[in-house]
Amino acid sequence: MPQVAFETLVSSVRAGTHLASFPTDTVPALAAKPDRADSIFTAKQRSLDKPLILMASEIEELWQYVKGSDRELEQWNAIAQQYLPGALTLVLPANNRVPAAMNPSDPTTIGVRVPNHAIARQILAQTGALATTSANRSGQPALLSMNAIAAEFPEVLMLASNSDEVASGTPSTVVKWTGEGWQVLRQGAIEL
């Protein structure tokens, strides 16, 4: 596993040359620039019908990737202000800024999230929004420690650190906007 300094990780991800993994408040993320989302599918051996999540350091950055009426944006912002940063993923209508590779089977929607984790948010503040998913091979349990991720994905960049923080292992709750309200797609860390 290439353990690198913060600046090296950020510049490599921004350049689109490497995947990165970093801790979040739920499970560690595997991340790439949105236009390099295909590299995540390849690394994970992930089916194209399983979309990725667009993660950012602040919710305001994510509103640039969705489309809705003023009323809808108001409702989305209300739930975001209540639960984000945190373990909630909002699946919303995507606009044309979202690369189709983020959700190949339904490019009209995008899951967005702001993690409640200082390191993740520091990275995202420097890289901009990233395509993310859990760090594991598709169909396998989420890897919860950086050491386990390094063993499974030796080419992925991680921060050089003396600690091996273990994640909670509880994934984010995923809710989808139906046009009239929220539908829970996956119950996770947050009860709605």
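Some observations on this one:
- When we screen 100, 135, 118 for residues that are in contact (Cβ under 8 Å) with a residue 40 or more places away in the chain and not polar (S, T, N, Q), the only hit is 135.
- Top-ranked residue of the stretch 155-192 - restricted to ones that are farther than 21 Å from residue 87 by Cα, of a type outside the set (D, E, K, R) and over 20 Å from the mean Cα position of the chain (by Cα), ranked as modelled with the lowest pLDDT: 162
- When the residues of the stretch 65-93 are filtered to those that are free of Cβ contacts under 8 Å to residues at least 60 places away in the same chain, aliphatic (A, V, I, L, M) and not in a helix (DSSP H, G or I), the one that is nearest to residue 40 (Cα to Cα) is 66.
- Residue identified as polar (S, T, N, Q) and at pLDDT 95 or above among 39, 47: 39
- Selection count, the stretch 109-153, where residues are more than 22 Å from residue 6 (Cα to Cα) and in contact with a strand residue (DSSP E or B) (Cβ under 6 Å, 6 or more places away or on another chain): 5
- Positions within the stretch 127-156 being part of a helix (DSSP H, G or I), surrounded by 15 or more Cβ atoms within 10 Å (Cβ to Cβ) and polar (S, T, N, Q), in sequence order: 127
- Restricting the stretch 88-126 to residues that are touching a Ser or Thr at 6+ places or on another chain (Cβ under 6 Å) and more than 23 Å from residue 181 (Cβ to Cβ), the residue that is surrounded by the fewest Cβ atoms within 10 Å (Cβ to Cβ): 125
- Residues of the stretch 26-49 satisfying the condition of being in contact (Cβ under 8 Å) with a residue 60 or more places away in the chain and either among the small types (Gly, Ala, Ser) or out of contact with any Ser or Thr (no Cβ under 7 Å at 6 or more places or on another chain) (or both): 29, 31, 32, 33, 34, 35, 36, 37, 38, 41, 43, 47
- Residue match in the stretch 162-170 (condition: more than 18 Å from residue 24 (Cβ to Cβ) and either without any contact (Cβ under 8 Å) to a residue 24 or more places away in the chain or of a type in the set (Val, Ile, Thr) (or both)): yes
- Residue 96 under 16 Å from the mean Cα position of the chain (by Cα), assigned to a loop (DSSP other than H, G, I, E, B) and modelled with pLDDT of 90 or more: no
- Being modelled with pLDDT of 95 or more, out of contact with any His (no Cβ under 7 Å at 6 or more places or on another chain) and surrounded by fewer than 22 Cβ atoms within 10 Å (Cβ to Cβ) is true of residue 85.
The values are calculated or read from the model by the stated rules, or taken from the named source; none is laboratory data. In this text, all values refer to a predicted model and were calculated from it rather than measured experimentally. Methodologically, a virtual Cβ is constructed for each residue, glycine included, from the backbone with ideal geometry; neighbour enumeration extends over all protein chains shown.
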